[in-house]
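Let me begin by presenting the structure, written as structure tokens, before commenting on it.
The values are calculated or read from the model by the stated rules, or taken from the named source; none is laboratory data. Computed from a predicted structure; not experimentally measured. For neighbour counting, all protein chains shown are included, and Cβ atoms are generated from backbone atoms with ideal geometry for every residue, glycine included. Just the protein is used for accessible areas: all its heavy atoms, side chains included, with ligands, DNA and RNA removed. Shrake-Rupley method; radii C 1.70, N 1.55, O 1.52, S 1.80 Å.
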Amino acid sequence: MPDAYYERSLDLVRIALFAVLGIIYVLAVVLLETLIMPLYVYRPLHAMLNADYASQTGNRAQEMIPSDAIPGDEIGQIMRSRNATVAELRRQEEELERALERLEAAKRKMADQDRLVSLGMLSAGVAHELNTPLAVLQGSIEKLLETVDGVAAQDRLRRM
């Protein structure tokens with residue numbers, strides 16, 4: 001009889017232990033899901049998702065995760081790394097924009113210079129086209145000065 005009593009008591013202890021462990025497990029899960037996970041996992045992940053959405057939609061004012069929302073754990077390290085990467089990306093974008101502005105200014109300047117070169121070449125061509133007949137005309141007038149005898153004609157040729 002003591003063995004049966006002992007076995008029954010042992011079964012009751014096992015059931016009680018199982019019930020206590022089950023209650024502890026359920027309480028641990030409830031504690032994790034209601035306090036720990038939202039505070040240390042869901043909230044930081046939600047902040048990162050919001051910041052990523054802001055980056056994708058071009059909302060530069062909201063794309064950085066505020067430092068007071070960054071925890072001091074591994075998720076916080078990821079958040080700080082993300083912020084640093086976004087900041088570096090924005091710095092490089094601004095540098096690229098400045099370089100493009102300088103390039104556009106240089107292109108405008110080169111276009112102006114090309115126009116001046118074209119104008120200079122046109123002027124040189126016009127001057128050459130005018131100079132050649134004028135030189136022939138001057139030579140002809142000088143030859144006429146040598147051959148014409150009249151004073152009035154000589155005077156007129158000199159003015160020419």
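Percent of Cα pairs in the chain per distance bin of 10 Å, from zero to the largest separation: 8, 14, 11, 9, 9, 8, 8, 6, 6, 6, 4, 3, 2, 2, 2, 1, 0. Once both labels are positioned 7 Å from their Cα atoms along Cα-to-Cβ, the gap between Ala105 and Thr147 label points is 6.4 nm. Using C-alpha pairs below 8 Å separated by at least 6 residues, the relative contact order for the chain is 10 percent.
Calculated FRET efficiency, Val26 to Glu74, Cβ-Cβ distance, R0 = 25 Å: about 0.35 to the nearest 0.05.
Ignoring any ligand, DNA or RNA, what whole percent of the accessible area of the range 1-159 comes from carbon and sulfur when the probe is 1.4 angstrom?
Here carbon and sulfur together make up 65 percent of the probe-accessible area.
Positive end of the charge dipole of the range 15-160 (Lys, Arg +1 and Asp, Glu -1 on Cβ, about the Cα centre): tell me which of Ala124, Ile78, Leu134 has its Cα farthest that way. Most positive-ward Cα: Leu134. Hydrophobic, long helices, defined as DSSP H runs whose alpha-carbon span along the helix axis is 27 Å or greater and whose mean Kyte-Doolittle value is at least 1.0, occur in the chain at 2-31.
Here the chain is assigned +1 on the Cβ of each Lys and Arg and -1 on the Cβ of each Asp and Glu. Its dipole about the Cα centre then comes out at about 600 debye.
What order do Met48, Met110, Met79 take when sorted by accessible area (1.4 Å probe), most exposed first?
Greatest to least solvent exposure: Met110, Met48, Met79.
Computed over the range 27-121, relative contact order equals 18 percent, with contacts defined as Cα pairs under 8 Å that lie 6+ residues apart. Computed with a 1.4 Å probe over protein heavy atoms only, the accessible surface of the range 1-148 comes to 82 Å² per residue.
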